[in-house]
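For reference, the structure discussed in these notes is given below.
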Amino acid sequence: MRQTPYRPLRGSRAAIVAAGLWFAASGAAARDEDGGRGSEIRLDEISVDGTATPRGVMPAYAGGQVAQGGRLGLLGNTETRKSPFSVSSYTEKFIRDRQARTASEALALDPSVRATQTTGSPFDSFYIRGFPVNEGTSGEFAFDGVYGVAPSFRVFTDYAERIEVLKGPSAALSGVAPNGGVGGVINIVPKRAGEDLTRFTLDYGSAARGGGQFDVARRSGPNREWGARVVGSLRGGDTPVDRQSETTGVGALALDYQGERFRAWLYLLAQTDRFTAPLRPFLLRAGVPVPRAPDGRLTITQPWEYANVDDRGSLLRLEYDLTDQVTLFGNAGGSQTGVERYFSSAPTITNLRGDTTTTPQFYSLGVDRTTVDGGVRAGFDTGFVRHALVMQASRYSEDTARRFPPGNGTYLSNIYNPVLAPIIAPTVIASRPRLSDSTLTGLSIADTMSVFDERILLTLGVRRQGIEAHNYVSNVGTLASSYDRSATSPLVGIVVRLWETVSFFGNYIEGLSRGDVAPATATNSGEILAPYVAHQVEAGVKVDWGTLGTTFSAFQITRPIGELSPQARFAETGEQRVGGLEFSVYGEITPQVRVLGGLTLLDGVLTRTAVAANVGNTPIGVPRVQLNLGAEWDLPWVPGLTLNGAVIYTGRQFIDTANTQALPDWARLDLGLRYTTLIEGRRTTVRATVLNVTGTNYWTGVASFGTFFQGAPRTYLLSMSVDL
C-alpha cells in the first residue's frame, strides 16, 4: 500500500471546535418540558451523576466507578456475571473524579495493570498480567472494539465513556494485536449522545499547567433517534518536572442514528501533543547496580529536546436487524499518526553515582492504518439450548514510514544533578522512507450456548488469522524481508451460575503475535520466525453482594520468545510463563463509602532460554506483588463533600534476564477532595487531588527490553466543572 503523507487536521479540528461552540450556544437553555434537570436535583443527591447511559454502553455498577460488564471483542458487550473472562470497565465518572488525563492515569487502580512510563512521557505503555502491551509504535489501543482507529502513543480521556481492560490473550476474540501484545486488550469506548448535556470544565495542574474542556450532547427527532456529541479541550503550560512544558489539544465528534431496525455511529477524532524536554526511559550499563531513584522533579532531558505528535482517526459502525433474531453489522475506519521528535531513545546510566550519557536523535514517523470488518449475529434455539452465534471477517492494514538518522553528538549529565548542555543541532530530513507494511486478515466464528435460563453458558470459538508483512531497510526504503503466515486460534469459555449472584468461570484462549525477523547481527539475518502462540488457562469465581462486587481468579500464560543465541543464531528458543492470582473488589460498602482495587500475585519464570544459566529466572518487569486500593467517603457533616484516597504498591522488578539488576519495590499515596453543589441551579463540581502525597522517589515500571522510568513527583490537580 502506498504511504500517504501525514497532514495535520487544522481544518477538521477547527470544524469540531466550531460545532461544539454552536451546540453550546444553541442548546445551553434546552431542558425537559417540566422545567429542566436543575430543578429536579435535590441537595442530598447531588453526588450522583445524573446523565443517562447511552445506547450500546454497559450501565454503571453501584458506586458508579465501574460498569456492569465490558466488551469481549467478537462477542460484544457481556455482563460481568455472564462473562467467562476477566474484564474491568472504568466509567467516565470515575475518570473525571480521579482527574485522569490519559488512559494510563485512568488505569492506575487496576491491580492487573502497570504503566511502564510516567507522567511527562509522550507515550503510554503497560504490562498486563506480566506481559507488555503497546510498546513502541504499536497502536494497540482498541477503539469501540476495533484496532486501527485510536491514537498510537497516548489516549486522552476527553473522549472516553469507558476504558476497558480485557485481561489475557485474546486472538480469537479481538484478532492479532498490531504489535503482538498478549497480556490483554485496552478498549476505549467513545462518548456518544445519551441525555442532553452541556458541561464546561476548567482545570489546573502543578507547576503551571491549565486549560479547559467543553462536552456537549444532544438528541433530536420524534423518537430522539438522532444524536450528536462533541468534545473539545485545550491545555498547556509547565509541568511539575523541571524545564518541561506540554501543550495538548483534543477534538472529538460522535454522531449516531438509532432507528427501529437500522443503527449507525460515526466517530471523528483529532488530538495533538507537544512536549518540551519530554521524560525518557533509562538504560543501565551491564554490571552496574541500580542507583537510588532521583527526585521526580529532576530531568536530564534538555529544554531544546522535544516531541510533537498528531493523531486523527475515524470509525463508521453500522447495524441492521434482518429479523428480531438476526443482525448484520459492519465497521470501517482508520487513523493517521505523525511524529517529529528530537531526543535520545534511552539515556544510559553508567555508574552508581548516576552519571549518564545521552545521544539525541532526530526521528520522523508517519503511520497510516485502515480497518474494515463485517459479519452477522444470530440468536436461535435447538431444543432447550439457546445459541448466540456470531461470524465475522476482518482486514487490518498498516503502513509505516520513518526517518531516523544518527545523532550528531553526546552530552553528559547526572540524574541527581542535571546539567544544561549546549544545543546539539539535529539532522532534519523532511522525507520519510518506507519502514514496514502489514496486513492482518481474519475469519472468526463463535457460539455461546446457554441452558437453564443462562445458569450455564458455554462459549466455543475459533479464528483463522493471516499475517502478511514487509520490512524495508531503515532510512533507505528498499525491501529487506517479507512475511506471509497464518495460524488458527481457538477459545473455550464456561460460566456456571449455581446461584443468581455467584458465577464460576473458566477459559482457555490463545494469543498470536507476528514472528520476529532475525536481526542483522544474526547468522541467519533476515529469516522470519513462525507466529508466536501464547496460551492462557484461567479459572475463578465472581460474587455480586448486591452493591459490592468481588472477583477471584487464577491464571497461567505461556509465550515463546525469539532470542539470539551465544552462537549468534536467532530462533524461537525462549519461553516465558507467568502464573497469577487476582482479587478485585468494587462498589459500595455503604451508600456513603465506595471501594475500588485489588491484589495480584505473580509468579513469572523463564522456562526456556538460549542461555542455560537464565532458566528459572524471573522475566524482565514482572513483580511478585501488585496492590491497588482506592476508597471514597461522602462526609456526613457537609452534603456533597467527598474524601478519596488510593494506595498503589509494586514489588521488586528485574531489568535483566540474568536477574543481577533489580528495581526496588515502591508505594505511592494519592489523596483528594470533591465537592458537588448547586450554584444558581447549575450542578457544579470542584475536585482537588494530590498525587504522590509523600513525595516518594521511586523507579516505576520496566519495559520488556530493560528500560525504566523515574516516578512522578508530588503533583497537584484542581478542576471545576459546571453543567448548564
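Cβ-Cβ contacts under 6 Å between residues 6 or more apart (or on different chains), taken from a first residue in segment 454-480 that is under 15 Å from Ser174 (Cα atoms) to a second residue that is of a type in the set (A, V, I, L, M) and not in a strand (DSSP E or B), are listed as Gly461/Ala172; Arg463/Ala172; Gln465/Val176. Residues in segment 129-139 that are surrounded by fewer than 24 Cβ atoms within 10 Å (Cβ to Cβ) and under 13 Å from the mean Cα position of the chain (by Cα): 2 in all. Once segment 626-669 is narrowed to residues that are part of a strand (DSSP E or B) and of a type in the set (Ser, Thr, Tyr), the residue that is farthest from Phe94 (Cα to Cα) is Thr650.
Considering only residues that are farther than 15 Å from Phe583 by Cβ and surrounded by 15 or more Cβ atoms within 10 Å (Cβ to Cβ), look in segment 625-640 and name the one that is farthest from the chain's Cα centre (by Cα). The selected residue is Pro639. In the set (1) crowded, with 19+ Cβ neighbours inside 10 Å; (2) in a strand (DSSP E or B), Pro713 fails one condition alone, (2).
Listed conditions (1) surrounded by 21 or more Cβ atoms within 10 Å (Cβ to Cβ); (2) of a type in the set (Gly, Ala, Ser); (3) on the phi < 0 side of the Ramachandran plot are all met by Gly598, apart from (3). Among residues of segment 457-476 being farther than 30 Å from Val495 by Cβ, surrounded by fewer than 17 Cβ atoms within 10 Å (Cβ to Cβ) and in contact with a strand residue (DSSP E or B) (Cβ under 6 Å, 6 or more places away or on another chain), the one that is modelled with the lowest pLDDT is Val473. Restricting attention to segment 253-286, the residues being part of a loop (DSSP other than H, G, I, E, B) and buried (at least 17 other Cβ atoms within 10 Å of the Cβ) number 5. Against the list (1) without any contact (Cβ under 8 Å) to a residue 60 or more places away in the chain; (2) farther than 28 Å from Glu140 by Cβ; (3) not basic (Lys, Arg), the condition Val533 fails is (2). Per the conditions (1) part of a helix (DSSP H, G or I); (2) surrounded by fewer than 20 Cβ atoms within 10 Å (Cβ to Cβ), the sole criterion not satisfied by Phe94 is (2).
Filter segment 574-593 down to the residues that are hydroxyl-bearing (Ser, Thr, Tyr) and in contact (Cβ under 8 Å) with a residue 24 or more places away in the chain, then identify the one that is surrounded by the fewest Cβ atoms within 10 Å (Cβ to Cβ). Step by step, filter segment 574-593, then rank; the result is Ser584.
Residue count for segment 377-420 satisfying the condition of being among the hydrophobic types (A, V, I, L, M, F, W, C) and more than 21 Å from Gly461 (Cα to Cα): 6. The one condition from (1) of a type in the set (Ser, Thr, Tyr); (2) part of a strand (DSSP E or B); (3) surrounded by fewer than 18 Cβ atoms within 10 Å (Cβ to Cβ) that Thr327 does not meet is (3).
Determine whether segment 617-625 contains at least one residue that is closer than 18 Å to Val182 by Cβ, assigned to a strand (DSSP E or B) and touching a residue at least 40 places away in the same chain (Cβ under 8 Å). There is no residue in segment 617-625 that is closer than 18 Å to Val182 by Cβ, assigned to a strand (DSSP E or B) and touching a residue at least 40 places away in the same chain (Cβ under 8 Å). Could you pull out the residue among Gly549, Gly587, Gly579, Gly574 that is at pLDDT below 95, in a strand (DSSP E or B) and among the small types (Gly, Ala, Ser)? Exactly one residue qualifies, and that residue is Gly574.
Of all strands (runs of 3 or more DSSP E) completely enclosed by segment 359-415, which ones contain at least 2 residues that are in contact with a strand residue (DSSP E or B) (Cβ under 9 Å, 6 or more places away or on another chain) and within 30 Å of Ala264 (Cβ to Cβ)?
361-382, 385-403
Within the span defined as segment 303-317, one or more residues are surrounded by 21 or more Cβ atoms within 10 Å (Cβ to Cβ) and not in a strand (DSSP E or B). Taken together, the criteria exclude Leu643 from residues that are touching a Ser or Thr at 6+ places or on another chain (Cβ under 9 Å), hydrophobic (A, V, I, L, M, F, W, C), surrounded by fewer than 20 Cβ atoms within 10 Å (Cβ to Cβ) and more than 30 Å from Val288 (Cα to Cα). Scanning segment 416-459 for residues that are part of a strand (DSSP E or B), more than 30 Å from Asp368 (Cα to Cα) and out of contact with any helix residue (DSSP H, G or I) (no Cβ under 9 Å at 6 or more places or on another chain) yields Asp447, Met449, Val451, Ile456, Leu458. Within segment 396-422, the residues that satisfy the criterion of being surrounded by fewer than 16 Cβ atoms within 10 Å (Cβ to Cβ) and touching an Asp or Glu at 6+ places or on another chain (Cβ under 9 Å) are Leu412, Tyr416.
Can you name every residue in segment 198-235 that is more than 30 Å from Ala264 (Cβ to Cβ) and in contact (Cβ under 8 Å) with a residue 24 or more places away in the chain? Listed by number, the residues that qualify are Leu202, Asp203, Tyr204, Gly205, Ser206, Ala207, Ala208, Arg209, Gly210, Gly211, Arg235. For segment 670-688, the candidate set comprises residues that are part of a strand (DSSP E or B) and among the charged types (D, E, K, R); within that set, the residue that is farthest from the chain's Cα centre (by Cα) is Arg682. Selection within segment 172-225: residues that are part of a strand (DSSP E or B) and within 19 Å of the chain's Cα centre (by Cα). The member of this set that is farthest from Ser719 (Cα to Cα) is Gly184.
The values are calculated or read from the model by the stated rules, or taken from the named source; none is laboratory data. Since this is a predicted model, take the numbers as computed values, not measurements. Methodologically, a virtual Cβ is constructed for each residue, glycine included, from the backbone with ideal geometry; neighbour enumeration extends over all protein chains shown.
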